[in-house]
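S.K.: Quick one: the structure is below, and I'll ask about it shortly.
The values are calculated or read from the model by the stated rules, or taken from the named source; none is laboratory data. All figures in this text were calculated on a predicted structure; none of them were measured in a lab. Every residue, glycine among them, receives a Cβ derived from its backbone with ideal geometry; neighbour counts consider all protein chains shown. Calculation scope for accessible area: heavy atoms of the full protein, side chains included, ligands and nucleic acids excluded. Shrake-Rupley method; radii C 1.70, N 1.55, O 1.52, S 1.80 Å.
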Amino acid sequence: MIKLFKVKEKQREQAENANGKPPVKKQSAGELRLHKDISELNLPKTCNISFPNGKDDLMNFEVTIRPDEGYYLGGMFLFSFQISPIYPHEAPKVKCKTKIYHPNIDLEGNVCLNILREDWKPVLNINTIIYGLYHLFTEPNHEDPLNHDAAAVLRDNPKLFESNVRRAMAGGYVGQTFFTRCI
Amino acid sequence: MADTTAQPSRSRDLDKLLLRPGHLVGPNFEPGPELRDDLKEYAKVLVVGAGGLGCELLKDLALSGFRNLEVIDMDRIEVSNLNRQFLFRFEDVGKPKAEVAAKRVMDRISGVNIVPHFCRIEDKELEFYNDFSIIVLGLDSIEARSYINAVACSFLEYDSDDNPREETIKPMVDGGTEGFKGHARIIMPGVTPCFECTIWLFPPQVKFPLCTLAETPRTAAHCIEYAHLIKWDEAHSGKSFDPDNPEHMQWVYSEAVKRAELFGILGVTYSLTQGVVKNIIPAIASTNAIISAACALETLKIVSACSKTLSNYLTYNGVEGLHTKVTEFVKDKDCLVCGPGILIELDTSVTLKKFIDLLEDHPKLLLSRASVTHRGKNLYMQGPPVLEEMTRSNLDMPLCDLMDKIPKDIVHVTGIAGKGDKKQSCLRKLRVVFKGIDGVTDMDTAGGA
Ligand SMILES: [Zn+2]
């Protein structure tokens, strides 16, 4: 291709600074795939999505879940989503921004959901993840504990777990930990 | 020395390739001293990365007759680099890799000029990348490869028959190593598969379940990931972890050691901590040398046509004995990054609403309920309702205005394609050309993602 490079290099020398094109932002393949995921979202009434940075930043968004059954009925929980430019090769990073008493979500907001880590596959999408998160509220499970204490209580004393969840959601202490109201 | 036109150069072996005809040469190969001189004068090569592979690449390319090299790397030299990144010395620790690497090669190889760029690849304008004849990648991250690939493919233009225009092809040569394994590949956008066409070649990163890390760690890596992913947040509310900050890394290391002691697990070291957190497999100097040699040779072959190029993906495995193999991967014709996209000609008066309706009737698309995005701006979103509302007012505006009156450019659409039972959701690349706008010239860039 050297002949071509030679021609181009000579053209370039002549046309030094002749192009005044505005700088262009590159849209990553991840952004494009996300655009598809987002435009096809089909969320249950209990889940709501919002875009804090406006309509042109889909890579950072928030999802609010209001469970309509189970232990967490009446609560409102906010999750932040961060999408990588190589999405869906890499899973979204999801954190729970509402402090929650939950066996599978720790007090820092880390979420133990298999499809967010070891079981993520590029065929999955944002919809799957949101449904997976919703499922954590209807079926919290003590077998994948991130909050060790909450998991033990759920396993050994579901009644106490229920009242602990209520107390946390209403705003108050469970053990040494204070939870802000989220009802 | 005799004064002949084909005076032997200091690179006798290179002369054998460039001065003599052959049977296995590439198209339009014209051996002779002019080729040798043109290589020096007109071939401009960018090396992306000045780490283990980058050091090798700069040396190999400089010794292969290339005189105009530039190198870009955002990292500074660390002590742990010195065993294999042979251009660096102990006293260089803390200095930018790109600058030291450029200087060392220029000191040793007279006549070669290497311009270093100590910055992130995203910091450069797209036009910076367009100046190079060829881009050689010595990187260890998928993100960075994906970015450079998208940039290089964005210069690609197709003619009206969907054939790539040769003068817009920005060739890339990509090397990669992990321990005793490596690959070298050539990417001719529009001709051979681009990085995105075959991203599945990269195995997904191993991610441990968080609850395993929190409850039942069994390995040193589990302890490290616990410190990195869970303990860090607990101890530093709000401050995000920076893998390039040695203090942060040290903190994670010491927490991982505590964790490992608690569970009676052996094997947590500082370098393993770096490896796990940055997802790096220990680099082997000889693998870098082998892969770099293959990449430098392919670069020389693409530029000079002195031999047919690799087609198009070489894997090397030195774990047991030596195994190497070349696979010819094929392009994804619908690739959003390197594919031609579907050509659509429009009047400047066509509104976004009208455009979306047109897509439904377009024989190659039959796309209903289309959402439209252009250069990172979402022009219209069918859903979710919050975005539909924010973009609805665009529907009555001319598409041409929404696209900043750019005469031809790429637009991406998602929607439901097909009719009847064969409906499926899809994401498509379109080449939109507006009729009757001044300034449609051959040099306008219409390719890329
Ligand atoms: Zn491609």
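S.K.: Quick one: in segment B:170-198, of everything that is buried (at least 21 other Cβ atoms within 10 Å of the Cβ) and among the aliphatic types (A, V, I, L, M), which residue is nearest to the other protein chains (Cβ to nearest Cβ)?
M.R.: B:M188
S.K.: Hey, among the residues in segment B:201-222 that are over 19 Å from A:L113 (Cα atoms) and more than 11 Å from chain A (Cβ to nearest Cβ), which one's farthest from the ligand (Cβ to nearest atom)?
M.R.: B:R218
S.K.: Okay, moving on. Identify, please: which residue in segment B:170-200 is more than 13 Å from the ligand (Cβ to nearest atom) and hydrophobic (A, V, I, L, M, F, W, C) and is, among those, nearest to B:F132 (Cα to Cα)?
M.R.: B:V173
S.K.: Moving on to the next point. Go through segment B:144-166 residue by residue and tally those that are farther than 26 Å from B:E122 by Cβ and either within 11 Å of another protein chain (Cβ to nearest Cβ) or away from the ligand (no atom under 15 Å from the Cβ) (or both).
M.R.: Result for segment B:144-166: 6.
S.K.: Restricting the search to segment B:355-382, which residues are free of Cβ contacts under 8 Å to residues at least 24 places away in the same chain and either in contact with a strand residue (DSSP E or B) (Cβ under 8 Å, 6 or more places away or on another chain) or within 16 Å of the ligand (Cβ to nearest atom) (or both)?
M.R.: The answer is B:L358, B:E360, B:H362, B:K364, B:N378, B:M381.
S.K.: Report yes if B:A98 is part of a helix (DSSP H, G or I), open to solvent by less than 50 Å² (accessible area, probe 1.4 Å) and aliphatic (A, V, I, L, M), otherwise no.
M.R.: It is true that B:A98 is part of a helix (DSSP H, G or I), open to solvent by less than 50 Å² (accessible area, probe 1.4 Å) and aliphatic (A, V, I, L, M).
S.K.: Return a yes/no flag: does segment B:228-239 have any residue that is in a loop (DSSP other than H, G, I, E, B), without any contact (Cβ under 8 Å) to a residue 40 or more places away in the chain, in contact with a helix residue (DSSP H, G or I) (Cβ under 7 Å, 6 or more places away or on another chain) and facing another protein chain (nearest Cβ under 10 Å).
M.R.: Checked against the condition, which is being in a loop (DSSP other than H, G, I, E, B), without any contact (Cβ under 8 Å) to a residue 40 or more places away in the chain, in contact with a helix residue (DSSP H, G or I) (Cβ under 7 Å, 6 or more places away or on another chain) and facing another protein chain (nearest Cβ under 10 Å), segment B:228-239 yields no hits at all.
Yes/no matrix, rows are residues, columns are (1) away from chain A (no Cβ under 13 Å); (2) in contact with a Pro (Cβ under 6 Å, 6 or more places away or on another chain):
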{"residue": "B:R12", "(1), (2)": "yes, no"}
{"residue": "B:P21", "(1), (2)": "yes, yes"}
{"residue": "B:E34", "(1), (2)": "no, no"}
{"residue": "B:Y42", "(1), (2)": "no, no"}
{"residue": "B:V48", "(1), (2)": "yes, no"}
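S.K.: Considering only segment B:297-354, state which residues are within 16 Å of the ligand (Cβ to nearest atom), within 14 Å of chain A (Cβ to nearest Cβ) and open to solvent by less than 30 Å² (accessible area, probe 1.4 Å).
M.R.: Residues satisfying the conditions are B:C335, B:V337, B:C338, B:G339, B:G341.
S.K.: All but one of (1) open to solvent by less than 10 Å² (accessible area, probe 1.4 Å); (2) touching a residue at least 60 places away in the same chain (Cβ under 8 Å); (3) over 19 Å from B:T192 (Cα atoms) hold for B:N149; state the number of the condition that does not hold.
M.R.: Only one criterion is unmet by B:N149, namely (3).
S.K.: Among the residues of segment B:355-384, write down those that are at the interface with another protein chain (Cβ under 10 Å from one of its Cβ atoms) and small (G, A, S).
M.R.: B:A370, B:S371, B:G376, B:G383
Results for (1) β-branched (V, I, T); (2) in contact with a His (Cβ under 9 Å, 6 or more places away or on another chain); (3) modelled with pLDDT of 95 or more, shown as yes or no for each residue.
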| position | (1), (2), (3) |
| --- | --- |
| B:I356 | yes, no, yes |
| B:D361 | no, no, no |
| B:G376 | no, no, no |
| B:L395 | no, no, yes |
| B:D401 | no, no, no |
